Amino acid sequence: ILGAAGGFSHALGYLQGNTLLIETENLRKSAKAAVPTVSDQAAAMQLSQCAKNLATSLAELRTASQKAHEACGPMEIDSALNTVQTLKNELQDAKMAAVESQLKPLPGETLEKCAQDLGSTSKAVGSSMAQLLTCAAQGNEHYTGVAARETAQALKTLAQAARGVAASTTDPAAAHAMLDSARDVMEGSAMLIQEAKQALIAPGDAERQQRLAQVAKAVSHSLNNCVNCLPGQKDVDVALKSIGESSKKLLVDSLPPSTKPFQEAQSELNQAAADLNQSAGEVVHATRGQSGELAAASGKFSDDFDEFLDAGIEMAGQAQTKEDQIQVIGNLKNISMASSKLLLAAKSLSVDPGAPNAKNLLAAAARAVTESINQLITLCTQQAPGQKECDNALRELETVKGMLDNPNEPVSDLSYFDCIESVMENSKVLGESMAGISQNAKTGDLPAFGECVGIASKALCGLTEAAAQAAYLVGISDPNSQAGHQGLVDPIQFARANQAIQMACQNLVDPGSSPSQVLSAATIVAKHTSALCNACRIASSKTANPVAKRHFVQSAKEVANSTANLVKTIKALDGDFSEDNRNKCRIATAPLIEAVENLTAFASNPEFVSIPAQISSEGSQAQEPILVSAKTMLESSSYLIRTARSLAINPKDPPTWSVLAGHSHTVSDSIKSLITSIRDKAPGQRECDYSIDGINRCIRDIEQASLAAVSQSLATRDDISVEALQEQLTSVVQEIGHLIDPIATAARGEAAQLGHKVTQLASYFEPLILAAVGVASKILDHQQQMTVLDQTKTLAESALQMLYAAKEGGGNPKAQHTHDAITEAAQLMKEAVDDIMVTLNEAASEVGLVGGMVDAIAEAMSKLDEGTPPEPKGTFVDYQTTVVKYSKAIAVTAQEMMTKSVTNPEELGGLASQMTSDYGHLAFQGQMAAATAEPEEIGFQIRTRVQDLGHGCIFLVQKAGALQVCPTDSYTKRELIECARAVTEKVSLVLSALQAGNKGTQACITAATAVSGIIADLDTTIMFATAGTLNAENSETFADHRENILKTAKALVEDTKLLVSGAASTPDKLAQAAQSSAATITQLAEVVKLGAASLGSDDPETQVVLINAIKDVAKALSDLISATKGAASKPVDDPSMYQLKGAAKVMVTNVTSLLKTVKAVEDEATRGTRALEATIECIKQELTVFQSKDVPEKTSSPEESIRMTKGITMATAKAVAAGNSCRQEDVIATANLSRKAVSDMLTACKQASFHPDVSDEVRTRALRFGTECTLGYLDLLEHVLVILQKPTPEFKQQLAAFSKRVAGAVTELIQAAEAMKGTEWVDPEDPTVIAETELLGAAASIEAAAKKLEQLKPRAKPKQADETLDFEEQILEAAKSIAAATSALVKSASAAQRELVAQGKVGSIPANAADDGQWSQGLISAARMVAAATSSLCEAANASVQGHASEEKLISSAKQVAASTAQLLVACKVKADQDSEAMRRLQAAGNAVKRASDNLVRAAQKAAFGKADDDDVVVKTKFVGGIAQIIAAQEEMLKKERELEEARKKLAQIRQQQYKFLPTELREDEG
């Protein structure tokens, strides 16, 4: 967070728009990632809230800045020009103050700090100017403005630094020079920006481009002058000039002969070489100190170089032949060039110590000086053999020692595992060469001794380099170190390539180069230019900046072309080493070097640069063992070589041999120690172990919590609300999800990152367990509680598996055998994260918590602005289609939310969750659409509008949450409806932006939607026709519509032609053709429907034939539009063009088929045949779709696939019957049935095959038999066609064989479906399966009835009936409890049913049809009765409280529930295990139902008796009236008694009848 906040404040200080947005996003991400690890609840919540507020503000700022860009873009160049003019004036004022000695440094300014600022900023100015030139040359106004602004910002920093340097220096002349050169930079920059502005007006004007390039060169020159005015730089320049002057001595044609004896000249040369080598080391050391130290060191170096050159020339004079002399002079020239490069590298590093790879370049330059000195010494000196090799080796070891001083930068491109390999190989070589040194010294074979010393020296340098690189990797992999971030390009790679190419080019043109050296140099050039071009290609694909994209591509082309030209001249040179060919080669190197330098300058733009790693003190401690071992190795090796040198002269000195043995032993020990240290410090291994231990502890904690939850003793957390806990849990799970891919990547090949990522992951598991247990403790429902705990445990276990796999992989790209395990573990972990997120989102949306959803939308919006979208896998048209799909889905959800806000606010959570998910997909697809859109402005517009839609979605989701919390708030409802309307408007803006991207394809998408609507409408019409309800509105005939149908169909054919040709023409023409074809098919569908209606509902099959014909045309048009959309703007040989041609053919076939059908409809003799032909064609087209590799959008169950095969069986029987009867009506019926049966079977088969649980083998099998079944059925239909034309008995007899083939394929298909289901396979016809389905259905109907009861309210009654109000409340409560209890009962019965099947007590054999009584289906009928009785009870309760039914009916219904419950229990008890868990649950559920029913009966009876007591009988006082009253009462009593007797008899008869069908287990024992 602190790092991100630093970057943020830095960006804010300079008000750099893009940088500010990027740094703010980094700050938000860091804060969000830190929230779960903060233990203080209040602080964590505050940090979380601040991160959310920052995200909202950031989104608003981003939108505002985009709008400001659109409005103020053209003014940016003028603004930048004004800034630069102001800076120039300020520097002029500073100069006047300096002249009057009034210029004082500002607070905090020191000479060192200002000098460093000036050096680093000069590069930023150079880079932004390179970008400005590119933008202006491309004519991109928007990015030219951005580049001008960035140049002005960089110049502002430069001017401040220049003023600081001038104010801090004590030398007035230096101060004046600095201010003058800075003012020149400002003046030149102002001219450059002005020229760029002019170049924008006419982008293709070559003259203006040239002028722009000239001004840029002038600015670059004045920028160098400005840097050269820094303290210490002048001295380095003097030293460079001195070396240049001295080197002129080498340009004379002939050297004077030497005046000194050979031994003296040789001795002087050796001494001068040692001094120069030491001075080179001092220069390297001085760059780390004060500027004065570098001045002194470079002065001494130039003096030593002068002496060395004189000694070298003296030595050249000793040469016997002209050739020898030319070789010596050549080597001296090499030393001169290497020395100049060393001083330049030192100068560059002192100016900008933080520059990438600067330290490595300096070390490489120092090594180059040593190597060139060694070459000269080897050539010139004539010591005893072996002596000069020892001296050379010692010089090399002295040079590489510096690598081990402070390895905080990468030394090479080696990975950690490459370092181990390099150490192993070099230690082996060193061991062999050390044995060779000792052996050859003993035997006196001095040439072989010298060779072994050289090999040992090279191996030691390799070991040191590998050790330094390994130490760097160990340091940065420590979790306390700050890991670097990969930028768009790696400037180190570019700098290395630049240096290698320059050195190789120098070797190419060197007159002393041998043919093998020329070829080696050519190989180096080819290797590095290829790497640069590849890096440019990757950078171009990753950047969202279109100017940079083009610049990288252009630079790669320039480098590739100049390399190709150079290679041609090298080939010519290789054939003939003439001076002319060498000169051509020299000329060809210049453009290559220039192209590479320009590219390196452009690539150093801060926008592209990586952030280097910062090694912590713990990281430095981890490096120590490796560095100590490597230093000991170098030290003891130096002693060993010195000792060996003296032994080579005097091999008979025993004490020296023992010293050599001691040094040899020390070297081998230090190498062993080095290998052990590197292996022990393998990056990430220790962190993986710690993390594994931590996660194991967490798993134990979650297991303890699960046990507590099972025993109902999980302590509830009272210190925090459930909402806060849910938010914590969501936050920590999201952060864990974000780390899965980085860990997998690190484990496969980035060892240095592994420790960081693994430690970060482990730090989230303690907060995860705390939050998960807290959430579970607050959940009342035991099942939900266990779900949360189980899913958390699954996540922890999958993380553990991931860590084991990562530890095994260790970041080694060569450990391929571990990579599959890493990928699998990552996938499992992602699934675990997804599962827990689904549970949390559901829980959150139910209570109106939308924080997680808002975060998800905000995150999707922030990704839209990321500069590096993934590599696009499709075209703009592909992304356009998916963006339209998700945009429309969001619009539909918004409309639903408007409706539900009034009717069912509790459903808003699910809709908000759906909208969040859709927006996530939309943002990704929108980013890809924007990346592939042409021109860039449209991409920018798409991105902006998708972001605007994101804002709308956030507001809508927030309102939905608020309304769920308070469903009756009318103000929030109003706001939600406003937000939903805004979302719909913003969706239309997104669609219009897409249309601008490609009007033609957008019109195709719209037309395809219209056609799919027509197909759905035709399906509905077919249902009406089949039901016999499709009638004409008046007495018209088919003849009235025929002409209209034919005319419209021909118009559609014309539109089809335009549509096909439109794919290759302009978007406008394509749009017009798509709109026209959609309009025509709509019209054609209408006239065909009218025609079908006019045939009359007494002939439904013919109506269906006609509608099917137009449906086929609509389907073909839909496919054709899709193919046209895919082929739009593609070349003629593109595969999508072949698809388009195929779709056009199908379209023509189907229109022709429609025309034939229209003509045959009234001809009773042929219409059956015609219908069959159309069906055969339709089935062939369906089969083509089935055989395509397209994955279906949804999957279905294997049961569905089996159910659909029944249709095939029925259709086969119908086809055989039609073939035998040859009646046209039967044929038409067969045609219609076949079409539907085959289509349904193919769809169900493909959907079931692509279910995620189905294996590849079973899928292939199912698809094969689906095809086989269809082909067999096609053959059967074609045979029926043959019979219709030639109805012979022989042909009819063959029908059986065809139908058998179909039956065989159906059997195979069913077996394949059974294999899909695996062990859980059930037969859809199995009574036990039906029982379970019925039980679940009954539970659902009971729950629905219970919900209905919830909504009932007792009716209002007059005052005198007050006491009965209590009764009605009781009715409702009792009925509700019965409904709840029966629901639980039926679910328990379902479990018991499964248990019975599992135990094999209930077979899977269908019940005998003869036993068709209430008990024959056991559980099924009982479940149905429970459901029916509960439903009756609810109706009775409803009627009773409404005052429409008696209490008796209520009592009867309640008793019926109790009775049917008892029957259900008996049906289960008969075969169940009494002690089983399911049976116990079932018994408990049954008892609950009985209790609830009894309560209701008691309440109702009490009310009934109470009513009886209260009803006063009015007794008549007159005698006759009284007698009449008594007789009437007695008559009624007798009548009721007789009715009661009859009812009892009836009940007894019913029971006797049912007793016959009772299973034997249920009959009472006889007697």
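Within the option set Phe577, Phe602, being surrounded by fewer than 18 Cβ atoms within 10 Å (Cβ to Cβ) and of a type in the set (Phe, Trp, Tyr) holds for one residue only, Phe577. Would a scan of the range 676-688 turn up a residue that is farther than 21 Å from Ala466 by Cα, touching a Leu at 6+ places or on another chain (Cβ under 8 Å) and buried (at least 18 other Cβ atoms within 10 Å of the Cβ)? So far as the range 676-688 goes, yes, one or more of its residues are farther than 21 Å from Ala466 by Cα, touching a Leu at 6+ places or on another chain (Cβ under 8 Å) and buried (at least 18 other Cβ atoms within 10 Å of the Cβ). So for the range 1174-1192 (the condition being touching a residue at least 12 places away in the same chain (Cβ under 8 Å) and touching an Asp or Glu at 6+ places or on another chain (Cβ under 6 Å)), does at least one residue qualify? Yes, there is a match, as at least one residue in the range 1174-1192 is touching a residue at least 12 places away in the same chain (Cβ under 8 Å) and touching an Asp or Glu at 6+ places or on another chain (Cβ under 6 Å). The residue that is nearest to the chain's Cα centre (by Cα), among those in the range 464-479 that are crowded, with 24+ Cβ neighbours inside 10 Å and within 21 Å of Ser638 (Cβ to Cβ), is Ala471.
Among the conditions (1) within 39 Å of the chain's Cα centre (by Cα); (2) modelled with pLDDT of 90 or more, the only one that Ser1249 does not satisfy is (2).
Within the range 191-216, the residues that satisfy the criterion of being surrounded by 22 or more Cβ atoms within 10 Å (Cβ to Cβ) and under 30 Å from Ala97 (Cβ atoms) are Leu192, Ile193.
Residues are listed down the side, and each one gets a yes or a no for (1) in a helix (DSSP H, G or I); (2) open to solvent by 50 Å² or more (accessible area, probe 1.4 Å):
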| position | (1), (2) |
| --- | --- |
| Cys698 | yes, no |
| Ala705 | yes, no |
| Gly737 | yes, no |
| Asp741 | yes, yes |
| Ala744 | yes, no |
| Ala747 | yes, no |
| Leu754 | yes, no |
| Val758 | yes, no |
| Leu780 | no, yes |
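For Gly487, indicate whether it is in contact (Cβ under 8 Å) with a residue 60 or more places away in the chain, surrounded by fewer than 24 Cβ atoms within 10 Å (Cβ to Cβ) and under 20 Å from Gly749 (Cβ atoms). Judged against the criteria, Gly487 is a match. Screening the range 650-675 for residues that are of a type in the set (Ser, Thr, Tyr) and out of contact with any Gly (no Cβ under 9 Å at 6 or more places or on another chain) and picking the one that is surrounded by the fewest Cβ atoms within 10 Å (Cβ to Cβ) gives Ser658. Kindly indicate whether Leu1120 is open to solvent by less than 30 Å² (accessible area, probe 1.4 Å) and under 39 Å from the mean Cα position of the chain (by Cα). Taking the combined requirement at face value, the residue satisfies it. If you filter the range 905-930 down to residues that are in contact with a Pro (Cβ under 6 Å, 6 or more places away or on another chain) and not hydrophobic (A, V, I, L, M, F, W, C), you find that the one that is surrounded by the fewest Cβ atoms within 10 Å (Cβ to Cβ) is Pro905. Among the conditions (1) more than 27 Å from the chain's Cα centre (by Cα); (2) open to solvent by 50 Å² or more (accessible area, probe 1.4 Å), Lys549 misses just one, which is (1).
Pairing each residue of the range 511-524 that is within 16 Å of Gln327 (Cβ to Cβ) with any residue that is assigned to a helix (DSSP H, G or I), provided the two are 6+ apart or on different chains, yields C-beta distances under 6 Å for Gly512/Gly330; Ser513/Asn507; Gln517/Asn507.
Would you check if Glu766 is open to solvent by 30 Å² or more (accessible area, probe 1.4 Å), part of a helix (DSSP H, G or I), modelled with pLDDT of 90 or more and not aliphatic (A, V, I, L, M)? Criteria met by Glu766.
Applying a threshold of 6 Å to beta carbon distances and a minimum spacing of six or more residues, or different chains, the list of pairs starting in the range 742-770 at a residue that is touching a residue at least 24 places away in the same chain (Cβ under 8 Å) and ending at one that is outside any helix (DSSP H, G or I) and open to solvent by 40 Å² or more (accessible area, probe 1.4 Å) reads Gly749/Pro813; Gly755/Pro479; His756/Pro479; Thr759/Pro479. Note down all Cβ pairs under 6 Å where the first residue falls in the range 26-44 and is open to solvent by less than 30 Å² (accessible area, probe 1.4 Å), the second is among the polar types (S, T, N, Q), and they're at least six residues apart or on different chains. Final answer for the pair search is Val35/Ser48; Val35/Ser731; Pro36/Ser731.
Every condition in (1) open to solvent by less than 20 Å² (accessible area, probe 1.4 Å); (2) touching a Cys at 6+ places or on another chain (Cβ under 8 Å) is met by Pro1287 except one, and the failing one is (1). Screening Ala239 on (1) open to solvent by 10 Å² or more (accessible area, probe 1.4 Å); (2) in contact with a Gly (Cβ under 8 Å, 6 or more places away or on another chain) shows it passes everything except condition (1).
Among residues that are more than 41 Å from the chain's Cα centre (by Cα), in contact (Cβ under 8 Å) with a residue 60 or more places away in the chain and surrounded by fewer than 21 Cβ atoms within 10 Å (Cβ to Cβ), Gly402 is included.
Criterion applied to Asn841, Asn812 was being modelled with pLDDT under 90 and not in a helix (DSSP H, G or I), and the one residue passing it is Asn812. Here is a check on your reading of the model: is Ile326 open to solvent by less than 40 Å² (accessible area, probe 1.4 Å) and either at pLDDT 75 or above or touching a Pro at 6+ places or on another chain (Cβ under 7 Å) (or both)? Considered against the rule, which asks whether it is open to solvent by less than 40 Å² (accessible area, probe 1.4 Å) and either at pLDDT 75 or above or touching a Pro at 6+ places or on another chain (Cβ under 7 Å) (or both), Ile326 comes out as no.
Residues in the range 1143-1164 that are closer than 22 Å to Ala1074 by Cα and surrounded by fewer than 14 Cβ atoms within 10 Å (Cβ to Cβ): Lys1145 only.
Looking across Ser513, Ser540, Ser562, one residue alone is open to solvent by less than 70 Å² (accessible area, probe 1.4 Å) and within 27 Å of Tyr143 (Cα to Cα). It is Ser540. Within the range 1019-1034, the residues that satisfy the criterion of being outside any helix (DSSP H, G or I) and closer than 14 Å to Asp1098 by Cβ are Ala1027, Gly1028, Thr1029, Leu1030, Asn1031, Ala1032. Just for the range 1458-1481: of the residues that are open to solvent by less than 20 Å² (accessible area, probe 1.4 Å) and over 16 Å from Ala1427 (Cα atoms), which one is modelled with the lowest pLDDT? The residue in question is Ala1472. Here the condition is being touching a Phe, Trp or Tyr at 6+ places or on another chain (Cβ under 7 Å), assigned to a helix (DSSP H, G or I) and modelled with pLDDT of 85 or more; of Met928, Met915, it holds for Met928 alone.
Every residue, every condition in (1) surrounded by 14 or more Cβ atoms within 10 Å (Cβ to Cβ); (2) touching a Ser or Thr at 6+ places or on another chain (Cβ under 6 Å); (3) more than 27 Å from Ser1076 (Cα to Cα), yes or no:
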{"position": "Cys979", "(1), (2), (3)": "yes, no, yes"}
{"position": "Val983", "(1), (2), (3)": "yes, no, yes"}
{"position": "Val987", "(1), (2), (3)": "yes, yes, no"}
{"position": "Ala1016", "(1), (2), (3)": "no, no, no"}
{"position": "Ala1032", "(1), (2), (3)": "yes, yes, yes"}
{"position": "Ile1045", "(1), (2), (3)": "yes, no, no"}
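Could you tell me which residue of the range 354-370 is farthest from Ser457 (Cα to Cα), considering only residues that are open to solvent by 50 Å² or more (accessible area, probe 1.4 Å) and not in a helix (DSSP H, G or I)? My answer is Gly354.
The values are calculated or read from the model by the stated rules, or taken from the named source; none is laboratory data. Everything numeric here is computed off the predicted structure, so don't read it as measured data. All Cβ positions, glycine included, derive from the backbone under ideal geometry; neighbour counts span all protein chains shown. Keep in mind that these areas ignore ligands, DNA and RNA; they rest on the heavy atoms of the full protein, side chains included. Shrake-Rupley method; radii C 1.70, N 1.55, O 1.52, S 1.80 Å.
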